[in-house]
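To start, the structure under review is shown below, and the notes come after it.
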Amino acid sequence: MRQDEAVTSDLDLEEPCRRLVRGEPVIAKVLGATIEELALVGLEGLTLERVAARAAVNRTTIYRRWPTKDDLVLAALRWMEKDEVLPDTGTLRGDLEQLVEHATAKLFAPGTLSLIRTILGAPSDSKLREFAECTHEVRRRGVLELFERAERRGEIRPDIDKELFLDSIFGMLFVRLIFKHEQPTTELRDRIVDQVLRLGAPQPEVSPTRPRAGRPKPRRAPAPKKMAATKARRAR
């Protein structure tokens with residue numbers, strides 16, 4: 001792939017994720033209500049009328065900005081990601097601690113699990129899945145850049161598979177919180193971070209073994225009988 005093609009591909013991937021709506025309390029109310037309705041009734045049950053009622057706004061306010069349900073849902077998902085900032089503490093441990101804390105808080109936010117089920121249940125060719133996958137990929141690339149910084153600082157070994165390294169973090173987090181129903185404590189966060197750091201820790205350099213310069217072995221004194229026989233032969 002040529003360099004210009006790679007740049008174009010990146011821009012195409014990120015374009016749906018760029019236009020994040022900020023400010024304007026009415027917009028925030030509508031988009032927040034959309035997320036709540038989406039988590040409650042799913043994509044099929046969501047209507048602009050239900051969102052308007054939950055947000056306590058006129059339906060024309062919604063229709064004027066978002067003519068279709070897809071437009072509204074995509075805007076709401078973009079709005080959810082508006083404050084997404086990857087950590088940059090200067091150390092891999094600090095970055096991982098903030099990353100795990102943020103993911104935990106987001107996972108336990110009201111309606112998040114229902115929203116995840118809605119996205120996973122949407123058709124693979126739907127706009128909802130397209131945007132969700134786009135958002136996931138852009139965020140994932142950002143975390144991989146976090147690992148690149150750690151590698152340059154010598155905190156992880158260069159031969160590690162960074163894609164699988166990333167999966168190990170969220171895999172441990174989701175299994176513990178969702179399947180084992182553990183509490184999102186600081187102790188759990190530290191256990192996950194410690195394990196991840198051990199997985200990626202640089203291997204200590206091993207010096208090539210050198211033969212030890214040993215002292216010459218002392219010559220053994222001949223046994224007494226052997227000495228006597230030797231003297232007798234010499235005397236002859």
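The values are calculated or read from the model by the stated rules, or taken from the named source; none is laboratory data. These figures come from a predicted structure and were not determined experimentally. Virtual Cβ from ideal backbone geometry, glycine too; neighbours counted across all protein chains shown.
Only a single item in (1) in contact with a Phe, Trp or Tyr (Cβ under 7 Å, 6 or more places away or on another chain); (2) over 21 Å from ARG141 (Cβ atoms); (3) in contact (Cβ under 8 Å) with a residue 60 or more places away in the chain is not met by ALA103, and it is number (2).
Whenever a residue of segment 183-206 is on the phi < 0 side of the Ramachandran plot, its partners that are of a type in the set (Val, Ile, Thr) and not in a loop (DSSP other than H, G, I, E, B), lying with C-beta atoms within less than 6 angstrom and at least six residues away or across chains, give the pairs PRO184/THR104; ARG189/VAL100; ILE192/VAL100; VAL196/ILE169.
Matching residues to (1) touching a Leu at 6+ places or on another chain (Cβ under 8 Å); (2) surrounded by 13 or more Cβ atoms within 10 Å (Cβ to Cβ); (3) of a type in the set (D, E, K, R); (4) in a helix (DSSP H, G or I):
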site: ARG54; (1), (2), (3), (4): no, yes, yes, yes
site: ASP88; (1), (2), (3), (4): yes, no, yes, no
site: GLY94; (1), (2), (3), (4): no, yes, no, yes
site: HIS102; (1), (2), (3), (4): no, yes, no, yes
site: ARG117; (1), (2), (3), (4): no, no, yes, yes
site: HIS136; (1), (2), (3), (4): no, no, no, yes
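Considering the conditions (1) surrounded by 12 or more Cβ atoms within 10 Å (Cβ to Cβ); (2) farther than 29 Å from LEU72 by Cα; (3) without any contact (Cβ under 8 Å) to a residue 40 or more places away in the chain, PRO158 is excluded by exactly one of them, (1). Failed condition for GLU187, given (1) part of a helix (DSSP H, G or I); (2) modelled with pLDDT under 90, with all others met? Just one mismatch for GLU187, condition (2).
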